[in-house]
Each structure stands twice: as C-alpha cells, then as structure tokens.
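Notes to accompany the following structure.
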Amino acid sequence: MARSFQSSDANAPQYLGPLVSEEHRSKVLSYYQRAVDEGATVVTSLPAAVAAAQSGEAFVIGGAELYSAALALADRLQLTEIDAAFDGDTHFPAIDPHQWRETARETHRDEAGGLGYAFVTYQRR
C-alpha cells in the first residue's frame with residue numbers, strides 16, 4: 001500500500017532546494033552557502049546528498065531542478081498526484097512508463113473541497 005510523504009520513514013533524509021527550504025528543517029541541497037534553519041545540514045551536490053543519506057533512503061521534495069537531477073538516481077518514486085491543474089513554475093518531470101511501473105495507488109478525496117488525489121508508488125523497471 002502506498003504511504004503519504006508524512007507517514008514515510010521519518011528517519012530518512014529529506015533533500016530540498018534552497019528556494020523551498022525556508023519552511024522546512026531538513027537537509028538542504030544548495031549550490032551556494034546560505035543560512036538555513038538550525039539543525040539542517042547543507043550539502044552542495046547531489047552526490048554529496050546521496051553520500052549523506054546513511055539510511056540508504058532519502059526523499060527529494062523540490063524544486064524542479066533537483067527533481068530532474070535526482071530522478072536519474074531513483075529506483076522508487078512516492079508521489080502525490082492531484083486531480084487538478086495548477087499554474088506555477090515548478091513541476092515534477094513526466095514519468096516515462098517505459099522506465100517506471102506503478103506498484104501501488106491509494107486514492108482520496110478532500111472532504112472540504114472535493115479535490116481528488118492519490119498517493120502513488122512507482123518502481124523503476
């Protein structure tokens with residue numbers, strides 16, 4: 001069964017780009033030194049992030065450039081797919097069905113607004 005991001009392994013590192021990091025206390029992948037939240041770890045490259053993920057599992061939670069770079073290294077994707085289109089400048093790359101197969105899907109509907117969404121797991125072929 002698919003799990004939501006929040007219910008996933010809390011001990012696994014979560015990597016996010018510097019534009020996303022303001023609201024999160026986690027590991028930050030940044031190409032420049034900057035102040036980050038207390039307790040966060042800064043790494044300056046994706047290989048450094050992989051090396052720092054001692055558990056062997058890490059979550060990449062944005063932005064777009066980091067999604068694209070990390071996708072080539074991933075063997076599993078845990079995504080939330082939302083049944084709506086939104087304007088914005090950050091999107092997850094398209095999932096190639098020749099490279100990925102869906103292994104789990106848990107569908108939901110937001111009670112307040114009726115928005116449909118699903119927690120979906122993909123495994124690399």
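The values are calculated or read from the model by the stated rules, or taken from the named source; none is laboratory data. Note that the coordinates shown come from a computational prediction; the quantities given were computed from them, not determined experimentally. Note that we place each Cβ from the backbone using ideal geometry, even for glycine, and neighbour counts take in every protein chain shown.
Summary table
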{"item": "Selected residue (only one of F92, F59 is surrounded by 10 or more Cβ atoms within 10 Å (Cβ to Cβ), touching a Ser or Thr at 6+ places or on another chain (Cβ under 7 Å), among the hydrophobic types (A, V, I, L, M, F, W, C) and within 30 Å of G113 (Cα to Cα))", "result": "F59"}
{"item": "Test for R109: is it among the basic types (K, R) and touching a Lys or Arg at 6+ places or on another chain (Cβ under 6 Å)", "result": "no"}
{"item": "Check on E111, at pLDDT below 80, surrounded by fewer than 13 Cβ atoms within 10 Å (Cβ to Cβ) and among the charged types (D, E, K, R)", "result": "no"}
{"item": "Pairs, first over 10 Å from I82 (Cα atoms) in the stretch 103-121, second among the acidic types (D, E), C-beta under 6 Å, six or more apart", "result": "V120/E81"}
{"item": "Failed criterion for F92 (all others in (1) modelled with pLDDT of 90 or more; (2) among the aromatic types (F, W, Y); (3) under 18 Å from G62 (Cβ atoms) hold)", "result": "(1)"}
{"item": "Count of residues meeting criterion [part of a loop (DSSP other than H, G, I, E, B), small (G, A, S) and either under 30 Å from D110 (Cβ atoms) or under 11 Å from the mean Cα position of the chain (by Cα) (or both)] in the stretch 45-99", "result": "8"}
{"item": "From the options R109, R105, residue that is closer than 15 Å to Q123 by Cα and among the basic types (K, R)", "result": "R105"}
{"item": "I82 vs. criteria surrounded by 13 or more Cβ atoms within 10 Å (Cβ to Cβ) and touching a residue at least 24 places away in the same chain (Cβ under 8 Å)", "result": "no"}
